[in-house]
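For reference, the structure discussed in these notes is given below.
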Amino acid sequence: MTAFVAAGRRHLPRGWLDLGRQVAIWFGFLGLYQIARGVADRNPTRAFENGLGVIRIEERVGDLFELTAANLITSSRFLSFLVSWTYWNSEFTVVGLVLLFVYLRRHEHFYRFRNWILVANLIGLVGYVVVPTAPPRMFPTFGFPDTLRDFGGLNHGSGLVQLASNPYAAMPSLHAADALIVGITLSYISRRWWSKTLWLLWPAWVWFAVMASGNHFWLDILAGIVVAILAAGVVYRRPLVRRLRPART
């Protein structure tokens, strides 16, 4: 037991207790996500109406760019698999691993990064309950393919995926919001130029992947970006005010 405690003090920034607290916060959010998912699942008719509303708005503004992205990848099974893999892993897997990395290796940035993720996701969960929206892949009559089923090699109807996913969580896109938060944060704290560049490209790839896989409209992505900006305003308001205040005097 003493060796266990000593290992925590030696390798963890604030010991085992704080690490356990962070894990509890993360799994607490996952539980909240499941509650929001259950609420959204109760009104599929409204979700499809909202999805049709998004399609009508996009048609008035211009083209359905999601169709272009989907058609681009359907000719390549590898690209389709890569897009599907990105959709399933960019949210919980990548975000979870990045949170762990920042906690262990860039601890001074961890708490604001964590809070930025949490605030953005809480805003998104409210959106899922208030505006449940069916994703593009549920509208095959408009030409949207379901690349997750047809090309990705991943069964989104399996028990594990069914438990972790919300079928009517298109608006706003938390994939888009979280990818932007992760990309900006890791680009900022990375020490090598190539790593900074790759992480700056990460959000754009995720945005493409979630559209090409038929899981988000471009309006969902735009809403996700707005959510990330709003969350940043909440989390970083005080440090920004402190930095700007001397410049005004």
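The values are calculated or read from the model by the stated rules, or taken from the named source; none is laboratory data. Values in this document were obtained by computation on a predicted structure and should not be read as measured data. Heads up, the Cβs are rebuilt from the backbone with ideal geometry, glycines too, and the neighbour counts pull from every protein chain shown. The protein model used for the area step is the full one, side chains on, heavy atoms only, and it has no ligands, DNA or RNA in it. Shrake-Rupley method; radii C 1.70, N 1.55, O 1.52, S 1.80 Å.
In the list VAL210, VAL234, which residue meets the criterion of being modelled with pLDDT under 95, among the β-branched types (Val, Ile, Thr), in a helix (DSSP H, G or I) and closer than 13 Å to TRP116 by Cβ?
Working: VAL210 fails: closer than 13 Å to TRP116 by Cβ.
Result: VAL234 is the single residue among VAL210, VAL234 that is modelled with pLDDT under 95, among the β-branched types (Val, Ile, Thr), in a helix (DSSP H, G or I) and closer than 13 Å to TRP116 by Cβ.
Here are VAL61, VAL102: which of them is open to solvent by less than 50 Å² (accessible area, probe 1.4 Å) and farther than 18 Å from ASN215 by Cα?
On the way: VAL61 fails: open to solvent by less than 50 Å² (accessible area, probe 1.4 Å).
Only one candidate qualifies: VAL102.
I need the full set of residues from the range 49-81 which are among the hydrophobic types (A, V, I, L, M, F, W, C) and in contact (Cβ under 8 Å) with a residue 24 or more places away in the chain, in order please. Steps first, please.
First, pick out the residues of the range 49-81 that are among the hydrophobic types (A, V, I, L, M, F, W, C): 52, 54-55, 57, 61, 64-65, 67, 69-70, 72-73, 78-79, 81.
The answer is LEU52, VAL54, ILE55, ILE57, LEU64, PHE65, LEU67, ALA69, ALA70, LEU72, ILE73, PHE81.
Give the residues of the range 187-235 that are open to solvent by less than 10 Å² (accessible area, probe 1.4 Å) and over 30 Å from SER80 (Cβ atoms), sorted by residue number.
Selection gives ALA231 alone.
When you go through (1) assigned to a helix (DSSP H, G or I); (2) of a type in the set (Asp, Glu); (3) open to solvent by 60 Å² or more (accessible area, probe 1.4 Å) one by one for GLU66, which number turns out not to apply?
Failed condition: (3).
So which residues in the range 172-186 are in contact with an Asp or Glu (Cβ under 6 Å, 6 or more places away or on another chain) and either among the aliphatic types (A, V, I, L, M) or open to solvent by 50 Å² or more (accessible area, probe 1.4 Å) (or both)?
none
Give me the residue from the range 80-89 that is open to solvent by 10 Å² or more (accessible area, probe 1.4 Å) and within 14 Å of the chain's Cα centre (by Cα) and, out of that set, farthest from SER173 (Cα to Cα). It would help to see each step written out before you state the result.
Taking the range 80-89 as the starting set, the residues that turn out to be open to solvent by 10 Å² or more (accessible area, probe 1.4 Å) are 81-82, 85, 87-89.
If we keep only those that are within 14 Å of the chain's Cα centre (by Cα) as well, we get 85, 87-89.
Numbers: TRP85: 17, TYR87: 11, TRP88: 13, ASN89: 14 Å.
Here the residue is TRP85.
Got a sec? Which of ARG37, ARG77, ARG56, ARG10 is out of contact with any helix residue (DSSP H, G or I) (no Cβ under 9 Å at 6 or more places or on another chain) and either at pLDDT below 75 or open to solvent by less than 30 Å² (accessible area, probe 1.4 Å) (or both)?
Numbers: ARG37 fails: out of contact with any helix residue (DSSP H, G or I) (no Cβ under 9 Å at 6 or more places or on another chain); ARG77 fails: either at pLDDT below 75 or open to solvent by less than 30 Å² (accessible area, probe 1.4 Å) (or both); ARG56 fails: either at pLDDT below 75 or open to solvent by less than 30 Å² (accessible area, probe 1.4 Å) (or both).
Result: ARG10 is the single residue among ARG37, ARG77, ARG56, ARG10 that is out of contact with any helix residue (DSSP H, G or I) (no Cβ under 9 Å at 6 or more places or on another chain) and either at pLDDT below 75 or open to solvent by less than 30 Å² (accessible area, probe 1.4 Å) (or both).
Do we find a residue being out of contact with any strand residue (DSSP E or B) (no Cβ under 9 Å at 6 or more places or on another chain), part of a helix (DSSP H, G or I), over 28 Å from PHE139 (Cβ atoms) and aromatic (Phe, Trp, Tyr) anywhere in the range 93-102?
Yes, that holds for at least one residue.
So which residues in the range 105-136 are in contact with a Lys or Arg (Cβ under 7 Å, 6 or more places away or on another chain) and modelled with pLDDT of 90 or more, if there are any at all? Write out each step before concluding.
If we filter the range 105-136 for residues that are in contact with a Lys or Arg (Cβ under 7 Å, 6 or more places away or on another chain), which is where we start, we get 132.
Answer for the range 105-136, where residues must be in contact with a Lys or Arg (Cβ under 7 Å, 6 or more places away or on another chain) and modelled with pLDDT of 90 or more: there is none.
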